[in-house]
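The structure appears below as structure tokens.
The values are calculated or read from the model by the stated rules, or taken from the named source; none is laboratory data. It should be emphasised that the depicted structure is a prediction, and the values quoted were computed from it without experimental measurement. Cβ: placed from backbone, ideal geometry, glycine included. Neighbour counts: every protein chain shown. Calculation scope for accessible area: heavy atoms of the full protein, side chains included, ligands and nucleic acids excluded. Shrake-Rupley method; radii C 1.70, N 1.55, O 1.52, S 1.80 Å.
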Amino acid sequence: MTGPLAGLRVVDAATLFAGPLAATHLGDFGADVIKVEHPRRPDAARGHGQVKDGIGLWWKTLGRNKRTVTLDLKNPEGAAAMKRLLATADVLVENFRPGTLERWGLDPETLLELNPRLVVARVTAFGQDGPYAGRPGFGSLAEAMSGFAAITGEPDGPPTLPPFGLADGIAGLATAYAVLAALRHRDETGRGQVVDLAIIEPILMMLGAPLTGYDQLGYVQPRTGNRSVNNAPRNVYRTGDGEWVAVSTSSQSIAERVLRMVGRADLIEQPWFASGGQRAEHADELDEAVGGWIAERSREQVVRAFEEAEAAVGPIYDVRGVLADPQYQARGTALTVEDADLGPLVMQNVLFRLSETPGEVRWTGRHPGADTDEVLAEAGLSAAEIARLREAGAV
């Protein structure tokens, strides 16, 4: 293993997205990630999204850099094997409903007694306590309950959920961050701890200051479509050749450059133009000026003019545009990796670049249990013990 997290062992016993994504991020930077799945009911994420030749394509990314083990944790022998594995680990990531690990004898108190340096990251929809703790839940509920859906969509349309796992993705990043913070404490004190992460909370943090705004002003943010309540012009605009671009003017200087570029410097002189919030109140007038100018030009002409004016614009891409864009190409954002099942395939690269200890994609997602014997042997189980687990249906 290479990377800044080389030497760390992470046991990923979570399913679907938030917990497994956290483990993926850790594995991308060198951690030895061991994916533990039920022998007969592997992670449902393997079947999500597009499938080719019976193989889930999303799993190839979500499962990358992970060795795979099968263990039935409900089976006492499987739970015992899990304890031996966790005795060698630095981190456990799990997302069972509160009380489940406790029923199996794998509660954090027992695990920390067995391995005092272990970090136990518990990722659930609602957290380990509170009246909803025992409820099932997914990221869509977090997107709904956080206020995200309420402010997303057109003003006269319904609240809108994203067509992908946004809350899970944010929670995965937050979990990886929490694990690293807990490991820093562990390295200073020698003591592990429990991370309690509720998927409903990190996405709320991303929404700005809705709680403070309501507390201090009674303000409830409305749906504004692609517009912003904080600045204008800020929208998506159709170009003369039928493409789309996004324009943002979060800074005053950028807003002024855009209006000069489109020939409406007169609007800059208006008293309301001096602040983003006031400009947002005149979004109709600003959209007419900017949108009308853009509608008369091709996307290429629009992007070139914005670049020359040092104003912020971005073409709206589907996946084909992402793959063709020279900036993504220059950074190697789309990475081609050799896969044992499908041959060369393209996926997203690691999240960020480190100059001294870069992350890497070492392999793609493997089949369930591909590394069971190797990993359990590393945890101290003999070949006879592993065979006995198989006979008992525990692996």
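Brief remarks follow.
- Sequence-ordered 3J(HN,Hα) estimates for region 30-46 from the Karplus curve with 6.51, -1.76 and 1.60 and θ = phi - 60° stand at x, 5, 7, 9, 10, 8, 9, 10, 5, x, 10, 9, x, 3, 4, 4, 4 Hz, glycine and proline given as x.
- Built amide H within the under 5 Å cut-off of Ala121, gap 5+: Leu92, Val93, Glu94, Val195
- Accessible area of His25 in the full protein assembly, 1.4 Å probe (Å², nearest 10): 30 Å²
- Percent carbon-and-sulfur accessible area, region 256-304, ignoring ligands, DNA and RNA, probe 1.4 Å: 40 percent
- Label-to-label distance, nm, for residues given as Leu351 and His367 (7 Å Cα→Cβ offset): 3.2 nm
- Surface per residue (accessible, 1.4 Å probe) for region 130-279, Å²: 55 Å²
- Here the accessible area of region 62-140 is 52 percent carbon and sulfur, with a 1.4 angstrom probe and all protein chains present.
- Computed 3J(HN,Hα) for region 63-69, one whole-Hz value per residue from the Karplus formula 6.51 cos²θ - 1.76 cosθ + 1.60 where θ = phi - 60°, is x, 5, 6, 10, 8, 10, 10, glycine and proline marked x.
- Region 234-316: relative contact order as a whole-number percent, Cα under 8 Å and 6+ apart: 46 percent
- The stretch between Met1 and Glu102 holds 33.1 nm of extra length on full extension. This uses 0.36 nm per residue minus the Cα-Cα distance.
- If R0 is taken as 56 Å, the Cβ-Cβ distance between Arg191 and Ile316 corresponds to a FRET efficiency of 0.70.
- Between 0 and 90°, nearest 10: helix 18-28 axis offset from the chain longest Cα axis: 90 degrees
- Other residues with beta-carbon under 13 Å from the beta-carbon of Ala45 carry, at +1 per Lys or Arg and -1 per Asp or Glu, a net charge of +2.
- Amide H contacts of Trp244 (H built 1.01 Å from N, under 5 Å, at least 5 apart or other chain): Thr239, Ile316
- Spacing of the two label points (7 Å from each Cα toward its C-beta) at Lys52 and Glu256, in nm: 5.1 nm
- Expected 222 nm ellipticity per residue - DSSP helices of 4 or more, -39500 (n - 2.57), all of the chain, to 500: -10500 deg cm²/dmol
- Remark: relative contact order (the chain) = 20 percent; criterion is Cα-Cα distance under 8 angstrom and separation of 6 or more residues.
- Annotation: amide H-H contacts under 5 Å for Arg64 (H modelled 1.01 Å from N, sequence separation of 5 or more, or interchain): Gly365.
- Between Arg388 and Arg117, full extension at 0.36 nm per residue minus the direct alpha carbon distance yields a gain of 94.6 nm.
- For region 244-257, 3J(HN,Hα) per residue [Karplus equation, 6.51 cos²θ - 1.76 cosθ + 1.60, θ = phi - 60°, Hz, x = Gly/Pro]: 10, 9, 10, 10, 10, 10, 5, 9, 4, 5, 5, 4, 5, 4
- FRET efficiency, Asp241 to Glu269 (Cβ-Cβ, R0 45 Å, nearest 0.05): 0.85
- Potential extension, Thr110-Glu281 segment - 0.36 nm per residue separation minus Cα distance: 55.8 nm
- Solvent-accessible surface (1.4 angstrom probe) belonging to Phe352, in square angstrom, nearest 10: 100 Å²
- Percent antiparallel among DSSP beta bridges (both partners in the chain, rounded to 5): 40 percent
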